[in-house]
Amino acid sequence: MQLTVLGCSGSAPGPDQPTSGYLVEAGGVRIAMELGSGVFGRLMRHCDPFDLDAVLLSHLHLDHCADFSSLTVYRREHPAPPYDVTERRLPVFAPAHAPSRLAAAHAASQAELATTDLTDTFDFVPLAPGRYEVGPVEVEVAAMRHICESYGFRISHGGVSLVFSGDTVPCPELVRLARGADLLLADSAWRAQAGRANYLHMSGREAGEVAAAAGVRRLVLTHLLPWSDHAGVLADAVEAFPGPVTLAAPGAVHTL
């Protein structure tokens with residue numbers, strides 16, 4: 001299994017840092033996990049968008065799905081697609097309101113809101129806790145604790161597992177999902193701080209504590225805010241987790 005980081009900035013992009021987006025490849029399957037601002041162009045460096053087998057969207061904040069409209073334009077407007085996109089609709093695993101939410105973001109005007117429909121191009125699969133399959137790859141889904149409907153993913157194939165927290169605060173559901181995983185890609189927006197708003201994100205220390213409680217093999221910190229103390233977030237996670245810890249970076253490839 002291979003994880004390529006396409007973007008990993010939290011909430012807003014940085015100068016050279018798209019927001020959330022990852023390419024997961026395993027068993028001949030290619031999965032785009034999140035499509036935040038600036039991610040689609042990075043995806044094209046590594047994968048023909050027509051070769052994607054699925055898209056996973058943990059939740060529908062724009063820093064995780066803004067470039068879905070770019071994918072829509074590419075699939076609908078490309079002059080020479082390799083197949084009929086209406087006959088081979090791309091599976092999109094996302095919260096149940098994704099079809100209307102993403103259609104509204106793609107509509108060209110207020111007048112088109114009522115008639116914009118993306119289901120001719122995409123096969124939307126509403127997420128709920130449970131297990132799904134993308135070819136030979138298993139995706140386990142668990143509800144996380146964020147300010148909106150949000151999910152974490154455990155992607156498994158060939159005896160290895162990658163867990164992505166999505167956006168969440170520390171919770172038992174994430175510890176269970178990540179138990180014994182080879183890699184935990186964890187929301188780590190900031191350093192621990194007093195008076196932090198509830199149900200937003202983990203700190204680096206909290207991500208480290210979750211990784212330690214779950215017994216994962218390695219931890220990659222992602223979704224750091226452009227104004228966060230990145231070195232401090234990393235140092236806090238290292239104190240809490242005894243295994244290897246790194247910061248996510250665009251273009252970085254992690255092989256499991």
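Would you confirm whether or not segment 179-202 contains a residue that is among the hydroxyl-bearing types (Ser, Thr, Tyr) and at positive phi? Yes, segment 179-202 has at least one match.
When segment 181-195 is filtered for residues that are open to solvent by 40 Å² or more (accessible area, probe 1.4 Å) and in contact (Cβ under 8 Å) with a residue 24 or more places away in the chain, the ones remaining, listed by number, are Arg191, Ala192.
Within segment 113-144, if we keep just the residues that are of a type in the set (Val, Ile, Thr) and in contact (Cβ under 8 Å) with a residue 12 or more places away in the chain, the residue that is most open to solvent (accessible area, probe 1.4 Å) turns out to be Thr119. Just one residue in the set Pro129, Pro136, Pro170 is closer than 22 Å to Ser11 by Cα and not acidic (Asp, Glu); that residue is Pro170. Cβ-Cβ distances below 9 Å connect the following pairs, each with a first residue in segment 211-235 that is within 17 Å of His254 (Cα to Cα), a second residue that is of a type in the set (Lys, Arg) and exposed (fewer than 15 other Cβ atoms within 10 Å of the Cβ), and a separation of six or more residues or different chains: Val216/Arg179. Taking the criterion of being open to solvent by 40 Å² or more (accessible area, probe 1.4 Å) and in contact with a strand residue (DSSP E or B) (Cβ under 9 Å, 6 or more places away or on another chain), the residues of segment 62-77 that qualify are Leu62, Ser70. Contact annotation: residue pairs with Cβ atoms under 6 Å, 6 or more positions apart or on different chains, pairing a residue in segment 148-165 that is under 15 Å from Arg218 (Cα atoms) with a partner that is surrounded by fewer than 23 Cβ atoms within 10 Å (Cβ to Cβ) and charged (D, E, K, R), are Arg154/Glu140; Val160/Asp182; Ser161/Arg154; Ser161/Asp182; Val163/Arg154. Of all residues in segment 197-210, those that are assigned to a helix (DSSP H, G or I) and in contact with a helix residue (DSSP H, G or I) (Cβ under 7 Å, 6 or more places away or on another chain) total 6. Only residues that are within 18 Å of Ser156 (Cα to Cα) and part of a loop (DSSP other than H, G, I, E, B) were counted across segment 24-57, and they come to 5.
Residue-wise test of (1) open to solvent by 20 Å² or more (accessible area, probe 1.4 Å); (2) among the aliphatic types (A, V, I, L, M); (3) closer than 22 Å to Asp167 by Cβ; (4) not in a strand (DSSP E or B).
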position	(1), (2), (3), (4)
Ala12	yes, yes, yes, yes
Tyr22	no, no, yes, no
His59	no, no, yes, yes
Pro79	yes, no, no, yes
Ser100	yes, no, yes, yes
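The values are calculated or read from the model by the stated rules, or taken from the named source; none is laboratory data. Keep in mind that what you see is a predicted model, and the values were worked out from it rather than measured. Note that each Cβ is placed from the backbone with ideal geometry, even for glycine, and that neighbours are counted across all protein chains shown. Keep in mind that these areas ignore ligands, DNA and RNA; they rest on the heavy atoms of the full protein, side chains included. Shrake-Rupley method; radii C 1.70, N 1.55, O 1.52, S 1.80 Å.
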